[in-house]
Amino acid sequence: DPRDNFGPTNPPLSPAGKPVDAQTAMLQVIDEDQNFSPQLNYYMKHVWGLTDHGFDYNLVAVFGSQSTGKSTLLNRLFGTDFAVMDERARRQTTKGIWMSQSRDLGVLIMDVEGTDGRERGEDQEFERKSALFSMATAEVLLVNMWENMVGLYNGANMGLLKTVFEVNLQLFHDRNSRHGRTLLLFVIRDHVSKTTLDNLAATVKQDLDRLWSELSKPEGLEDSRIEDFFDFSFVSLPHKLLQPDHFNRQVDQLRLRFTRPSDPHYVFKPQYHKMIPADGFPKYAETIWEKIVSNRDLDLPTQQELLAQYRCDEIAAAVFDAFLEAVRPLRPVLEGGRLIDNLGEQMGDHRRTALAHFDKNASRYHHEVYNRKRREHLAKLNSELHLLFLAQIKNAGQRVLQEFRSTLKRQLGAQGGNGSDYDFGAVVRTATRAALERFEREARALVLDDTDWSYAQEAEQLRGELDVVTDQLRGEELKKVQRRMEKTVRTRFADTVPAVLNDPKPDMWGEVLRGFFDTTDREERHLRATAAGLDLPASELDELTLQAHQLAWEALLARVHEETGDQMMLVRLRTCLEDRFRYDDQGIPRVWQPSDDIDGQFGTAKESTSQLIPLFSRIDTSGFEGELESYFAPDFVVSETLELLPATRQRDLGKRFQREADALYLEAKRSVVATTAQ
Ligand code: GDP
Ligand code: MG
């Protein structure tokens, strides 16, 4: 709104966009049709600049018969520009209620339509309404009257004052209400007689007392005195036309009562203030007027409460918008998974600011309402901040979990990773404690006072997630140990198994099995040591051990199958036959003589060698059955893994061996023929 940017070169504009003089700018608050102006708020804010004044503003209203020089006086006193009746035309100028600001900023002046109705014999409805309105808002009521009206008890003035007193009783039942007293400042015009002001004042006061005593008063206020509600002050002014200089000097004097707090007659005493904060004044005035116009009961304390609710809500809403604006940038950061440093402090600051702004304006309103609205406001701020809180602790949990994982990996890696020489459990326990403490620290720093925020559930969840990571890492550690073990047994079997099988003896399988148990026992001890470090439960350890046994057995089988492949077997059989046929008992190569029993020797050697085939056809576990059975998980049937050479393969192998043997026999025969021929 361009009208918001006032400055020395930008005069305020009226709502219609025309420049206005902030001093003399008037607003017809109530028009001739008794409508309330929708522009009061605008004038308060932009033209008169009073909205931020809190209680630091004053309101004066003028009352008195038509054409008693009210507007003339106001204009001289306050520098306002209220319309003055044209001397020649004699037509009424002020319609409804006009409002303007005095030259000394901070004082609002209301020029209230006179008592035409009474003088013209019309009903006094508007008089009553404007009196109600003035009494509900103004601190000082200027009562304007000619000197020659003083003492006219049945004159228009007294009727007017009767109305004022009546509405006052209607509005301010409670003598001790905050909406206390009002100052009636009588201005006696055209004081030309020799009667002193004191005497004039005394006469007026007498009439007022009489008026008061004749009023029918509401219950509980029957014995109230006029002084319980009003203070009185009297001043008179010379004839404006006959003694213009004197008149002006006296008005200048009178002005001091409004402008100089040290003046003994200073009018704006705190007890007269109606205690409506300036920012709430337009709304208050409007509501009051609506009630007055619709002739509904007007109960000011209730009005104050309603105003307080309305304004506190408005203030809270504006403050909350600013607050949302301020915290808005935090959300995407958190939603991106990042942590915000000092978020707790930042949230606290934002909340403090939002509360301070609320307090600054709202605390001027009805106290209970203000306190209730403050609690609501605080709850709203808290619930908004709680979202940030939740997002941040979620991120903190993730961060802590990540760090926990990498710390553990680093530490486990650094501590060797070769199994048993570090205490996995101790490392994990330390890291877990550190992670939970870190989370606790982060979360605790986020909890604002005056909230019921908790992170117990999130801490519990984190604990569970840390356990999952721990289990994972433990699993990885175990895998490492298992792989290492597998490798060890393979290497070992690659040495021992061929050594035994290449020197076949009836007990060779016993030897193989003894080697198997030796090797696996040693590895099992190693495994158990590692598992103890991993805090592995006994049941898991047992299962792992059985698994390890099976893996070792499978490694053994793999080796044995390799050693009993066709080629390996043929080579082995052939080597055995050669050993037995071509070498004598001392291991010396035979040179065959014609006299030698080649056929017999050959037959024996072939026969004993052939018997190796059944020996190799199956792992013979005699003597180890019980031990083997308990060595594996129940679902692993070790007996089904023992067969090496099925019958067909044995036959096939036998045939192929036969051919090789035949070749060897022929070679031996040929060598004898060759020797004989020489
Ligand atoms: P209002 O209707 O009470 O606001 O009276 P106005 O201020 O419009 O003045 C009505 C008439 O009284 C105008 O013609 C003024 O010039 C005249 N007037 C204003 N002040 C005085 C005064 O102190 N004495 C006399 N005799 N006439 C005044
Ligand atoms: Mg006037």
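The values are calculated or read from the model by the stated rules, or taken from the named source; none is laboratory data. This is a predicted model, so every value here is computed, not measured. For neighbour counting, all protein chains shown are included, and Cβ atoms are generated from backbone atoms with ideal geometry for every residue, glycine included.
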So Leu171, is it modelled with pLDDT under 95 and out of contact with any Ser or Thr (no Cβ under 6 Å at 6 or more places or on another chain) | yes
Among the residues of segment 57-70, how many are more than 10 Å from ligand 2 (Cβ to nearest atom) and in a strand (DSSP E or B)?
-> 5
Kindly establish whether Leu256 is among the aliphatic types (A, V, I, L, M) and not in a loop (DSSP other than H, G, I, E, B).
-> yes
Quickly run through segment 127-155 and pick out the residues that are within 16 Å of ligand 2 (Cβ to nearest atom) and modelled with pLDDT under 85.
-> Glu127
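Conditions tested, residue by residue: (1) modelled with pLDDT under 95; (2) of a type in the set (A, V, I, L, M, F, W, C).
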{"position": "Asn371", "(1), (2)": "no, no"}
{"position": "Leu378", "(1), (2)": "no, yes"}
{"position": "His386", "(1), (2)": "no, no"}
{"position": "Val400", "(1), (2)": "no, yes"}
{"position": "Gly417", "(1), (2)": "yes, no"}
{"position": "Asp421", "(1), (2)": "yes, no"}
{"position": "Gly425", "(1), (2)": "yes, no"}
Please note which helices (runs of 4 or more DSSP H) are completely contained in segment 522-636 and include at least 2 residues that are acidic (Asp, Glu).
-> 538-563, 566-582, 598-610, 625-629
Would you be able to tell me the number of residues in segment 226-244 that are within 16 Å of ligand 1 (Cβ to nearest atom), in contact (Cβ under 8 Å) with a residue 24 or more places away in the chain and either more than 16 Å from Leu142 (Cβ to Cβ) or in a loop (DSSP other than H, G, I, E, B) (or both)?
-> 5
Can you tell which of Pro282, Pro238, Pro218 is modelled with pLDDT of 95 or more, touching a helix residue (DSSP H, G or I) at 6+ places or on another chain (Cβ under 8 Å) and over 25 Å from Asp190 (Cβ atoms)?
-> Pro282
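For every residue, the table says whether it meets (1) farther than 28 Å from Asp521 by Cβ; (2) at pLDDT below 95; (3) not hydrophobic (A, V, I, L, M, F, W, C).
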{"position": "Ser454", "(1), (2), (3)": "yes, no, yes"}
{"position": "Thr470", "(1), (2), (3)": "yes, yes, yes"}
{"position": "Lys480", "(1), (2), (3)": "no, yes, yes"}
{"position": "Met485", "(1), (2), (3)": "no, yes, no"}
Among the residues of segment 70-84, which ones are more than 20 Å from Phe126 (Cα to Cα) and either within 7 Å of ligand 1 (Cβ to nearest atom) or buried (at least 18 other Cβ atoms within 10 Å of the Cβ) (or both)?
-> Thr72, Leu73, Leu74, Asn75, Arg76, Leu77, Phe78, Thr80, Val84
Residue list for segment 71-85, filter: part of a loop (DSSP other than H, G, I, E, B) and within 12 Å of ligand 2 (Cβ to nearest atom) | Thr80, Asp81, Phe82, Ala83, Val84, Met85
Hits in segment 429-451 - residues which are of a type outside the set (A, V, I, L, M, F, W, C) and surrounded by 14 or more Cβ atoms within 10 Å (Cβ to Cβ) = Thr430, Thr432, Arg438, Glu440, Glu442, Thr451
When the residues of segment 555-590 are filtered to those that are free of Cβ contacts under 8 Å to residues at least 40 places away in the same chain and surrounded by 15 or more Cβ atoms within 10 Å (Cβ to Cβ), which remaining residue is nearest to the chain's Cα centre (by Cα)?
-> Met568
Can we say Glu465 is closer than 30 Å to Leu527 by Cβ, acidic (Asp, Glu) and not assigned by TED's automatic domain parsing to the domain that holds Trp553?
-> yes
Which is under 30 Å from Gly49 (Cβ atoms) and in contact with a strand residue (DSSP E or B) (Cβ under 9 Å, 6 or more places away or on another chain), of Leu307, Leu237, Leu254, Leu298?
-> Leu254
Looking at Ala322, Ala326, which is the one that is farther than 22 Å from Asn371 by Cβ and not in a loop (DSSP other than H, G, I, E, B)?
-> Ala326
Hey, any hits in segment 46-65 for a residue that's surrounded by fewer than 23 Cβ atoms within 10 Å (Cβ to Cβ), modelled with pLDDT under 85, within 17 Å of Arg189 (Cα to Cα) and within 14 Å of ligand 1 (Cβ to nearest atom)?
-> yes
If we keep only residues of segment 30-45 that are assigned to a helix (DSSP H, G or I), touching a helix residue (DSSP H, G or I) at 6+ places or on another chain (Cβ under 8 Å) and within 20 Å of Ala136 (Cβ to Cβ), then the residue nearest to ligand 1 (Cβ to nearest atom) is Leu40
From (1) under 60 Å from the mean Cα position of the chain (by Cα); (2) away from ligand 1 (no atom under 16 Å from the Cβ); (3) modelled with pLDDT of 95 or more, pick out the condition that doesn't hold for Asn199.
-> (1)
State all residues of segment 328-359 that are of a type in the set (A, V, I, L, M), buried (at least 19 other Cβ atoms within 10 Å of the Cβ) and within 13 Å of the chain's Cα centre (by Cα); if no residue qualifies, say none.
-> Leu330, Leu334, Leu343, Met347
